[in-house]
1. Identify the residue in the range 57-96 that is of a type in the set (Gly, Ala, Ser) and crowded, with 18+ Cβ neighbours inside 10 Å and, among all such residues, is modelled with the lowest pLDDT.
2. Are any residues in the range 139-193 at pLDDT 80 or above and among the polar types (S, T, N, Q), and if so, which ones?
3. Condition test on ALA10, is it assigned to a helix (DSSP H, G or I), small (Gly, Ala, Ser), surrounded by fewer than 19 Cβ atoms within 10 Å (Cβ to Cβ) and modelled with pLDDT under 90?
4. Mind listing just one residue for me: the one in the range 80-98 that is touching a Ser or Thr at 6+ places or on another chain (Cβ under 9 Å) and part of a helix (DSSP H, G or I) and, of those, nearest to GLU21 (Cα to Cα)?
Amino acid sequence: MPNIFSSSYAVFKESLHALREDKKMLIFPIVAGVTCLTATVGFMLFTVLTIDSLGPAAFLSIFVWYICMYFLCIFFSSALIIYASSRSKGNKPAVITAIMIAGKNIRNIVAWSLFSATIGVILELIDKIVGERFGFLTAFLGMAWSLATFFVIPTMVFENKTPINALRESAALFKKRWGETVTGVVGIGGIMVLLGLAGLLLFVGTIQVLPETLLLSVVLFAVFIAFLIIVYNVLNSIYVAALYHFAITGEVKGGFSATTIRNAGLSVRI
C-alpha cells in the first residue's frame with residue numbers, strides 16, 4: 001500500500017497544479033467570503049436596530065443568519081465544483097456560467113442548506129450535552145457526517161437529485177472510494193495547517209523582535225490566513241470534482257495521475 005503521507009502530498013501537489021493552470025477558480029471563494037461578510041454586517045445591523053432584547057426574535061435572526069451562511073458557502077462551492085469539473089474535461093468554462101448552472105439547482109441547494117445547518121446545530125447540542133467526557137462520540141459523529149456527505153454537492157448539481165437522494169448516493173460512493181476521500185482531505189488540510197503554523201511562528205517572532213509593527217503584523221497575518229482558507233477551499237473542490245468523476249466513470253481527469261487518484265487512500269471499508 002502506498003505511504004499515506006506521500007499519497008497525501010501527491011493529492012496536494014496535483015490539486016495545486018490544477019489551480020496554477022487556472023487561477024480564476026480563486027474567484028469563487030473570494031466572492032463567497034465577500035458575500036458572507038456583507039450578509040453578516042446586514043444581519044448585525046438588522047438585529048441591533050430592530051431587536052431590543054435577547055429573546056426568541058434574536059435567536060430566530062441568528063438562525064436565519066446561520067442558514068444564509070450555509071447557503072452562500074454551499075452555493076459557491078457548487079459553482080466551483082461545476083467549474084472545476086468542466087475544466088477537467090478540457091472545456092474552457094466561464095465563471096458566470098458555472099454560477100448560472102448552480103443557480104438552476106437553487107431549490108436543492110436551499111433544501112440542503114436547511115438540512116445540513118440543522119444537523120450542524122444538533123451535533124453542537126449533542127456536544128454540549130455529553131461534554132468533554134464523551135467528546136469522542138461527537139467527534140465520531142461529526143467525522144461520519146462529513147464523510148457521508150462528501151459527494152452530496154456534486155451529486156445534486158450533476159445528477160439533479162434531491163438532498164436526501166444525494167445523501168444516499170454520496171454515502172454509497174464514499175463506501176466505494178473511502179480511502180481517496182479521507183487522504184485527500186487530510187493531505188490538503190494538513191499541509192494548510194502546517195503553513196498556518198509557520199505563519200503563526202513568523203507572526204509571533206516578528207512582534208517580539210519588532211513590537212512597533214504589531215498592527216501591521218496582525219493585518220498581514222489575517223490576510224495570510226484568509227488566503228490559506230481560500231486556497232484550501234479551491235484545492236479541496238478540485239479534488240472532490242476529480243474524485244467524483246472517477247467514482248462515477250472510472251476515468252481519471254483534472255490533471256491528476258491515475259496513481260494518485262487510485263492509490264491516494266487508506267484501505268478502509270465501512
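1. As a first pass, look at the range 57-96 and keep what is of a type in the set (Gly, Ala, Ser): 57-58, 61, 77-79, 84-86, 88, 90, 94.
Within this subset, residues satisfying the condition of being crowded, with 18+ Cβ neighbours inside 10 Å are 77-79, 84-85, 88.
Numbers: SER77: 93, SER78: 94, ALA79: 95, ALA84: 92, SER85: 91, SER88: 85.
Out of the qualifying residues, it is SER88.
2. Correct list: THR149, THR155, ASN160, THR162, ASN165, SER170.
3. For ALA10, the condition - assigned to a helix (DSSP H, G or I), small (Gly, Ala, Ser), surrounded by fewer than 19 Cβ atoms within 10 Å (Cβ to Cβ) and modelled with pLDDT under 90 - is not met.
4. The residue in question is ALA84.
The values are calculated or read from the model by the stated rules, or taken from the named source; none is laboratory data. As the structure is a computational prediction, the values presented were derived from the model and not from experiment. FYI the Cβ positions are ideal-geometry reconstructions off the backbone, even for glycines, and counts take in every protein chain you see.
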